[in-house]
Each structure stands twice: as structure tokens, then as C-alpha cells.
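Read-outs: derived from the displayed coordinates by stated rules, not from any lab. Remember, it's a predicted structure, so these values are computed and weren't measured experimentally. Note that each Cβ is placed from the backbone with ideal geometry, even for glycine, and that neighbours are counted across all protein chains shown.
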Amino acid sequence: MLIDLHRVRAETPGTQHRNHMNNAGAALMPVPVIDTVMGHLRREAEIGGYEASAEAAARVLAVYDSIARLIGAHSDEIAVTENATIAWQRAFYAMNFKAGDRILTTSAEFAANYIAFLQMAKRTGASVEVIPDDAFGALDPEALDRMIDDRVRLIAITWIPTNGGLANPAAEVGRVARARGVTYLLDACQAIGQMPVDVDALGCDILTATGRKFLRAPRGTGFLYMRRSLLERTEPVMLDLFGARVDVLGGYEMRADARRFETWETNYATKLGLGAAAEYALAVGLGAIEARCQELATNLRAGLAEIRGVTVHDLGRQRAAIVSFTLEGIDASTVMQKLSEAGINVSVSPPASTPIDATTRRLPPVVRASPHYYNSEDEIAAVIARVEAISRRSA
């Protein structure tokens, strides 16, 4: 399936105003998503918030079907959350750890996740251990397999780190986890909407993601997937009257589905927008999206690498559509500012976002450019030309 670039750009109003290379931060929403969100807000204004949600009840339920189809899951394994961090934390903190338990993670783990590991270790006496990388800087599945014993309670990794184009071998990790009977938690924030995702092929028991990045949904949206077999024996740390009900005074019964991790109050407009974004990605085609993202990122990476003074910091044999680089003698925030002055959106990834990797590689803040399938070849060329101009002026 080929992507109709003219159509997807016409359906992305933001492309008329900016060269948006910050899709790993928050992608530009397409018209169907915008219309869905604004349409529901208008109905809330016209008839009332409770009444609008009741009117949209069938469409709200359909959001779970859309997300399930996006990742190859069942709709009862999906919970919609306010963001990916909430989704991840609700799953992680529902697990029971004790002294001597081991949590295995990756060197590229996102700081928020790593902090949670450390807090759990402090509370319980569990340990946090980093899986060695292979020669290309990605997690080494063979090294992971050698680490596992009967004290390993959890394997938790970030698939695509926030600070670069590395794509960890998530499916290979899943094969090890399944063979060894270890629970596997996968942070897929930067993967969802950028490539095909199938939870059975990945072998993960839990997957968390955001809406705002490559999926092109509104900010303040995310979701949690939990495999049925794990869900059946997992109780959230916190429950309210949506996730459970009082069956007799002094007793309660949880929902049977993953929505036990949700709360009663929610933003219906953005939830509907998340569903619309999932449907939009499915219609465009995740295979085609992945191919175009990789092509654009490869071209951007190659062009930047040819500029004097530029260092591209991406690792791994498999790479995603995040390009991280530095320009000698100019701090990353200045580069971002100069690109912004030219109408180009990028972001800066500080060492604090991936503390293990940044410490190991002694990384400074890096410029993060993240193209998406709606970006054009001309926009890629414009980024390269602007960075080259910045380099010349600083020489």
C-alpha cells in the first residue's frame, strides 16, 4: 500500500504552517481526529456533558475495538488512560514484589519508568538490573536469557527510546520471556502509530502507549493493554466505582475487563479522538507508514551525517524515525531555536530522560528530529540545509 502524500498532507492542517519534525513529541492531528474532538465538545456545550457522553456511548465503546485492532488484542484487554505514564504506572504498581525479586530493564529505559523501579526496590528490597547491550547498542536477547533465574519477577523495557532512533528487539525479548515464564512489560510509546504492532507476535503481557506521538491523537490520551491471563489475577492499586462495584456491604467485585484500571471521570472528547486516530492509522496502513518513516529518517540521518561538525547519536541495526544529533560548538537548545526560526519543529532530549544510556555514553542534550509519513522529501531537505547553514555560521 502506497501513501497518498497529497491527501494526508491536505488532511493535516499543521503542515501548512510548520515543517513539523517533532512527532516523537506530539504529532500533528489529522482532520478526522480534530473534527471528532471538537464535535463532541460542541455537543457537550449544546446538550450537557453527561447527556453528550450518553449519546456517544456506542462510539465510546468502539474506541476499545479500534485500539484492540491496532495492536492485535481483544477489546476487553484495553484500558484508556489520561496518558502513557498513568497506564504504565497502573500496571507496574499493581504487581507484587518482595525482597530478592529482580526487575530486568534496558540501558535505554525512560527515566520515569526507571524511577518507578528504584522506588519499588527501595520499598520492597527488590533489585533493578540492566540487560547488557549487543555490539550495536541494542538490548541483547541472549544476554537477557542468561540473566534469568527463578527470582526474576519482571522484564520491563522501552521498545524505542525517547533519545534516539534505536529499536530494541521487542519480539525477541518476548520469546525469552514466554519461554522462561516471566511477565513482560513493554513501553511502546514511540512505536504505536509508527509501525505495525501485534501483542501476540511481541509476546508481551503488558503494553503501554501514548496517543499524542506517532499515533496522532490528542494530548492527554494513552492506553494500557494487559493480556487476559494476567488481567484475571491482577488487582489495581486503586479502584473506584467504575473499576469495581460494591456487591454487599463490606465487599466489592472488580470489573472483568481491563477497564478496572480506569476511573469514572474521563475526557470523552479526547477518548473519542484517540479512537479516531487509531482508525486513521489503520486506514493509511501501518506497514506503509513504517516504510515511509524509515525512508525519511534514513535520508535525514544520512544527510546530517555529511555535515561538518554534526554527530548522529542513533544506535542499533534496526532504527526508527527518531534522529538524534549534536552540532559541535553549539548547544542543542540553540540549534532547536535556530531551526524554529526557520519554521522547523524539533525538540531536545536531555540526559535526564534516559539516565542509564546518557551516563554510559556521556551524552549531552541532543537535538531530536522525528519525521512522520506526512512529511515531504522537501521538508527533509530543508532540515538538512538549515543545519548545514547553522554549522557554516558557527565555523
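Quick rundown of the values:
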quantity	calculated
For the chain, built as a Gaussian network whose Cα springs stay under 10 Å, the top-fluctuating residue of Ser66, Ser324, Ser340	Ser340
Which of Ile155, Ile131 has the fewest Cβ neighbours within 10 Å, and the rest in rising order	Ile131, Ile155
Modelled FRET efficiency - R0 56 Å, Arg233 with Ala283, Cβ distances, 0.05 increments	0.95
Under 20 Å from the Cα of Lys213 - lysines, other chains or at least 8 residues apart	Lys271
Three-way shape call for region 168-213 based on the alpha-carbon gyration tensor, with the a/c threshold at 1.5	prolate
Along each principal axis, Cα extent of region 48-105, largest first, Å	51, 28, 16
Cα gyration tensor category, rounded, prolate or oblate, for region 152-259 with a/c compared to 1.5	oblate
Inter-part distance where region 310-385 and region 91-119 are each reduced to a Cα centre, Å	28 Å
Of Ile330, Ile157, Ile78, the one that fluctuates the most in a GNM where the chain has Cα springs shorter than 10 Å	Ile330
Sequence-separation-based contact order of the chain, relative, with Cα cut under 8 Å and 6+ spacing, percent	24 percent
Residue among Asn22, Asn375, Asn96 with the largest mean-square fluctuation in a Gaussian network model of the chain, springs linking Cα atoms under 10 Å	Asn96
Alpha-carbon centroids, region 27-78 and region 230-268: separation in whole Å	21 Å
Region 182-287: GluC sites (Glu not before Pro) in DSSP coil with no more than 16 other Cβ atoms inside 10 Å	Glu232, Glu265
Charge-dipole axis of the chain as Lys and Arg at +1 and Asp and Glu at -1 on Cβ define it, positive-most pick from Ile78, Leu144, Thr326	Thr326
